[in-house]
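Take a look at this one; I'll ask things after.
The values are calculated or read from the model by the stated rules, or taken from the named source; none is laboratory data. Since we're looking at a predicted model, the values are computed, not measured. Virtual Cβ from ideal backbone geometry, glycine too; neighbours counted across all protein chains shown. SASA here: full protein model, heavy atoms, side chains in, ligands and nucleic acids out. Shrake-Rupley method; radii C 1.70, N 1.55, O 1.52, S 1.80 Å.
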Amino acid sequence: MRDRLQPRQVQKMNLIAGLLIACLGLAAIARAQSQPQVKRIVIIKVDGLPERLVERYAAEPAAGGERAGRTRLPWIEHVFGENGAWMENFYVRGLSLSAPSWSLLDTGRHLEIRGNAEYDRYTLRGFDYLNFFPFYLSYSMSHRADMPGVEVLDEQGIPLLIDRFPYEDRYQSFQLFQRGARLKRLESALSVKFANRRAREIFDEWATGFSMTDSVGLEMERELLEKLKDPRIRYLDLYTGDYDHVAHLTNDRVAQFHVIEAVDTLIGRVWTAIQATPLASSTALVLVSDHGMNTEDGVYSQGYNLIDWFNSAAGGGHHVLTNRHPMTEFKLKGLDPFVSEVISPSSEATYLAGESARYPTCVMDLDGNERASVSLRNNSLNVIQILLDQLIRKRVARGTRKAVIDALFQTLDAVRPEWRLNLDQLDAAVRELEKRVETQQKIVDSTPKKFTEEQRGAGEDEDASRQFSRLESWKAELRGYSAYAEVMHRLLALDPADFDPGKFKIEELVPRKSLGEPNSIQDLQHYVVGLAPSGLVVSAQGSLDMEKSFRRIDYFAALKGISVRNNVQKAVAPRPIDFIAVAVGNTGAQRTSVWLWRGADLQALIETRHTGAGRLELRYLPVKSTSRATGASVDCPDGARPALCASDESGELRYDRAAWVAGLPLEIFEDPKLDIPGGDRGAWLSEWHDERDWLRATHATKYSNGVIGIVEEMLMEPTSQSIASPLLDRERQLRRVDLIAFASDHWNFNVRGFNPGGNHGSFLRVSTHSVLMFAGGVDTGIPRGVRIVEPYDSLSVVPTILKLMNRPERDLPGPPIEELFGAGKLSAAH
């Protein structure tokens with residue numbers, strides 16, 4: 001039997017254990033206190049600043065005067081080159097456009113916003129992310145608290161970096177993802193900007209884009225420098241769009257350098273102000289840009305008007321809806337900053353002639369830059385409306401009525417199961433939305449309408465505006481979805497047994513201002529744009545000849561076939577379209593691959609899969625597709641993976657493996673800068689690799705991280721909110737586009753103004769290669785005078801900043817930049 005411990009022995013052991021625990025706790029506290037930590041973050045956001053130009057001017061010596069022998073960018077070199085960490089290979093993820101790019105940088109989450117403007121397919125509700133004028137007007141009337149992009153992110157439960165800081169501990173300048181606004185500083189700045197200026201001068205500047213170099217930018221900078229003196233403020237940012245503005249307008253090296261030089265002096269003023277604050281030793285300064293710029297000395301960016309092309313007979317005679325007026329009209333209405341919906345009617349429309357206001361059939365983001373995101377009305381809906389139009393208006397010739405009615409119901413029956421399923425899901429979403437509106441109305445009714453200065457200082461007035469804006473948005477959405485569902489239920493309820501076309505009007509069976517369901521690849525290759533010149537044709541068997549009765553367009557071949565004859569620049573090819581991308585998948589709305597089309601013999605498939613640990617892997621395959629009739633049974637070719645044949649079940653495409661050749665989309669196979677282990681390029685590209693391996697292998701190639709970027713843009717990772725909510729998942733799906741046409745090098749589709757200086761938006765390295773630099777005081781732990789050569793992308797910014805502040809979040813998808821924390825590969829000290 002064991003000896004029992006005496007009470008005094010127990011007390012002694014408890015005392016020793018307590019002392020040990022206390023010592024360990026003190027040691028942990030001491031270690032935590034000794035660890036580097038950023039207590040304040042200051043971010044300078046420069047729209048469109050290319051890393052390559054910063055490198056160029058930082059390496060060039062200044063000529064003459066006091067700065068002779070020094071770099072032309074002395075402050076960037078001093079702050080980040082000598083006293084900080086310079087990222088040599090930082091890239092935007094997804095499209096190199098401002099709205100999606102800043103959304104990644106401000107959240108650290110996968111894309112929710114995939115263009116500068118987006119539309120709901122069912123209702124054509126627009127999301128105009130770049131237009132800040134309506135926001136400020138609504139904010140001044142307490143109807144809105146946040147920019148449209150922030151509202152979309154809030155719906156999906158995705159916080160901004162700034163949301164990690166209490167309202168009173170942060171300062172945010174004017175920018176695309178702006179939460180709240182301080183109108184007094186805007187009013188003060190604008191009063192200076194527009195004082196004593198003629199209306200014509202103001203209109204001229206609005207036409208090309210307002211510059212922020214003067215009063216507005218100076219007011220934001222002045223306020224930031226003032227806020228730096230307050231030790232309670234722990235997050236500050238300052239945004240400037242001056243470089244992007246100038247580089248779009250001119251490729252002149254001197255003009256572009258001057259605006260980069262202005263950024264350099266801005267950094268100097270901010271850095272100097274930081275050093276004079278009590279938090280200087282624990283403050284980190286970050287310089288970041290959202291994308292690069294495809295601008296080159298001696299080459300003018302060439303524009304192509306895709307709105308005009310889609311308006312034309314060759315493009316389908318579409319009435320095209322965009323978010324702004326095309327400036328080629330040079331009409332006063334084009335200067336209206338509060339417009340977010342414009343329909344360009346087609347003079348060559350056939351069955352929809354004169355119906356542009358009710359039935360736009362093509363939707364585009366006007367701010368195209370190096371890509372055009374295109375959504376077309378559902379192809380089957382076109383056929384249904386054409387046949388209904390013939391029947392309702394009694395244009396059907398005697399003897400063909402039965403054939404036309406049979407064709408109408410055959411078309412409807414082919415899509416009825418899928419459309420009915422989607423409509424049932426929409427009905428569930430509407431019911432959820434009705435409950436949300438009811439609950440939100442109670443919240444708004446109980447929200448105070450007046451606030452004290454102390455409450456305004458805590459942001460309570462903005463919270464109230466946020467609640468009101470959310471309610472109005474949901475009400476509008478409910479009206480739109482309900483109206484669409486009502487018409488579609490009526491259409492799907494049609495029965496040939498008692499169908500009398502004389503009882504209906506077109507708008508009672510075909511929803512107005514709606515694109516309906518997304519198009520399949522087969523739809524896009526056989527897209528119906530009207531009746532054939534010979535009209536409806538009945539076959540010898542008495543049925544409607546669907547091939548001879550309609551005029552169809554293959555949009556892949558048609559878009560790629562666009563060519564110009566007035567191009568006089570050797571560096572600019574005559575064909576504006578580089579390649580076309582479409583999301584494809586195995587079943588229904590689940591898209592797991594991206595199909596890239598550059599020609600009948602130049603196609604590729606980027607496939608995705610998730611490992612058991614949830615890690616995303618990708619592979620790139622050259623393929624050849626073959627259109628199939630709906631319902632045709634197809635066996636996979638010997639040796640082909642089932643994924644390559646899965647879409648055959650829907651009758652879309654059959655994918656066969658093709659040989660590796662030069663000229664495939666993204667041009668990876670032949671690129672000399674592809675960095676892979678071993679020499680078999682085709683084998684490596686065809687194998688599964690995670691995103692880090694793809695980024696390391698391809699970032700220096702012509703299209704840099706295009707494989708990762710196009711998956712980010714075209715496919716969707718679910719959010720916690722969308723998984724739990726049929727409504728939010730439906731909203732996300734409905735903002736997807738049918739296809740994206742990417743511009744050839746030095747071409748652009750910006751119909752508001754063709755930006756002769758340069759553009760961005762593609763996966764070309766000149767457009768994706770961005771700027772990211774860090775510097776900080778002695779207590780931040782940020783290394784000094786180093787170049788980080790390891791490539792990273794947008795998803796690494798937020799996790800890196802949070803880790804610097806000892807506030808890491810494990811569920812963020814991107815890796816922190818480990819080189820800032822003593823790991824990874826650094827180049828020699830700069």
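Counting other Cβ atoms within 10 Å of each Cβ, which trypsin sites (Lys or Arg not before Pro) in segment 743-830 have at most 13 and sit in a DSSP loop?
Passing both the DSSP loop test and the Cβ count: Arg810, Lys825.
Could you sort 788-796, 129-137, 269-277 so that the peptide with the highest average Cβ count within 10 Å comes first and the rest follow in order? Don't skip to the answer; put the middle values down first.
Values: 788-796: 23.4, 129-137: 18.7, 269-277: 16.6.
Output ranking for 788-796, 129-137, 269-277: 788-796, 129-137, 269-277.
Looking at this model, which pairs from Lys402/Lys513; Lys45/Lys624; Lys45/Lys229; Lys435/Lys803; Lys505/Lys560 are more than 32 angstrom apart at the alpha-carbon? If you can, show how the numbers build up before the last one.
Details: Lys402/Lys513 30 Å; Lys45/Lys624 43 Å; Lys45/Lys229 20 Å; Lys435/Lys803 39 Å; Lys505/Lys560 38 Å.
Long pairs (Cα-Cα over 32 Å): Lys45/Lys624; Lys435/Lys803; Lys505/Lys560.
How about Lys394: which aspartates and glutamates have a C-alpha closer than 12 Å to its C-alpha, ignoring those fewer than 8 places off in the same chain?
Asp500
Please list Trp75, Trp688, Trp309 from largest to smallest accessible area, probe radius 1.4 Å, with all protein chains kept in place.
Values: Trp75 90, Trp688 50, Trp309 25 Å².
Ranked from most to least accessible, the order is Trp75, Trp688, Trp309.
Compute the length gained on full extension between Arg552 and Ser446: take 0.36 nm times their separation in residues and subtract their Cα-Cα distance, giving the result in nm to one decimal.
Working: separation 106, 0.36 × 106 = 38.16 nm, distance 5.59 nm.
Using 0.36 nm per residue and subtracting the Cα-Cα distance, I get 32.6 nm.
Using 0.36 nm times the number of residues separating Glu432 and Leu137, minus their current alpha carbon distance, what extension gain do you get?
Additional length available on full extension: 103.2 nm.
If you don't mind, there's one more thing I want to ask. Name the GluC sites (Glu not before Pro) in segment 358-432 that are in a loop by DSSP and that have at most 13 other C-beta atoms within 10 Å, would you?
Passing both the DSSP loop test and the Cβ count: no residue.
How many percent of the accessible area of segment 296-435 is carbon or sulfur, using a 1.4 Å probe?
Values: 2960 of 5790 Å².
Here carbon and sulfur together make up 51 percent of the probe-accessible area.
Turning to a different aspect of this structure: Just to confirm a number: summing +1 for Lys and Arg and -1 for Asp and Glu over residues other than Leu387 whose beta-carbon lies under 12 angstrom from that of Leu387, what do you get? Let's see the in-between values first.
Values: positive: Arg393, Arg395, Arg401; negative: Asp389, Asp406.
Taking every other residue near Leu387 into account, the sum is +1.
Oh, and also: Size of segment 735-830 along its principal axes in angstrom, Cα-based, largest extent first?
49, 34, 22
Taking the simple approach of a point 7 Å from Cα along Cα-to-Cβ for both Arg807 and Val661, what is their distance in nm?
Spacing of the two 7 Å Cα→Cβ label points: 5.5 nm.
Length gain on complete extension for the stretch Arg401 to Lys475, per 0.36 nm per residue less the alpha carbon to alpha carbon distance?
On the way: separation 74, 0.36 × 74 = 26.64 nm, distance 4.25 nm.
Extending this stretch completely gives an extra 22.4 nm.
Right, something else. For Arg144, what accessible surface area do you get with a 1.4 Å probe? Give it in Å², rounded to 10.
Solvent-accessible area, nearest 10 Å²: 50 Å².
Using every Cα-Cα pair within segment 440-565, state what percent have a distance larger than 17 Å. Present the calculation step by step, with values, prior to reporting the outcome.
On the way: 6098 of 7875 pairs.
Result: 77 percent of Cα pairs exceed 17 Å.
Okay, moving on. Highest mean first, how do 721-730, 317-326 rank when packing is the count of other Cβ atoms within 10 Å averaged over residues? Show your work: numbers first, answer last.
Details: 721-730: 18.1, 317-326: 23.6.
Descending mean neighbour count gives 317-326, 721-730.
Hey, another quick one. When the solvent-accessible surface of protein heavy atoms is calculated with a 1.4 angstrom probe, in what order do Lys227, Lys39, Lys402 fall, highest first? Spell out each step's value before the answer.
Numbers: Lys227 65, Lys39 100, Lys402 140 Å².
Result of the area sort, largest leading: Lys402, Lys39, Lys227.
For Val798, what accessible surface area do you get with a 1.4 Å probe? Give it in Å², rounded to 10.
0
In addition: Residue-wise, which Karplus ³J(HN,Hα) couplings in Hz belong to segment 605-616, taking 6.51 cos²θ - 1.76 cosθ + 1.60, θ = phi - 60°, and x for glycine or proline?
Once rounded to whole Hz, the list reads 10, 9, 9, 10, 7, 10, 6, x, 7, x, 7, 7.
Hey, if we sort Arg436, Arg565 by accessible area with the 1.4 Å probe, largest down, what's the order? Present the calculation step by step, with values, prior to reporting the outcome.
Working: Arg436 60, Arg565 240 Å².
Reading off the accessible areas and sorting them downward yields Arg565, Arg436.
Let me ask something else about it. Please give me the summed charge of the neighbours of Val510: other residues whose Cβ is under 12 Å from its Cβ, Lys and Arg +1, Asp and Glu -1.
Numbers: positive: Arg358, Arg377, Arg490, Lys505, Arg512, Lys513; negative: Glu355, Asp389, Glu507, Glu508.
Value of the local net charge: +2.
If all Cα-Cα distances of segment 321-448 are sorted into 10 Å bins from 0 onward, what percent lands in each bin, rounded to whole numbers?
10, 23, 26, 25, 14, 2, 0
If one computes the Cα centroid of segment 508-571 and of segment 373-405, what distance in Å separates the two points?
14
Using a simple spin-label model with points 7 Å from Cα along the Cα→Cβ vector, what separation in nm is obtained for Ala62 and Thr272?
With each label placed 7 Å out from Cα toward Cβ, I get 1.2 nm.
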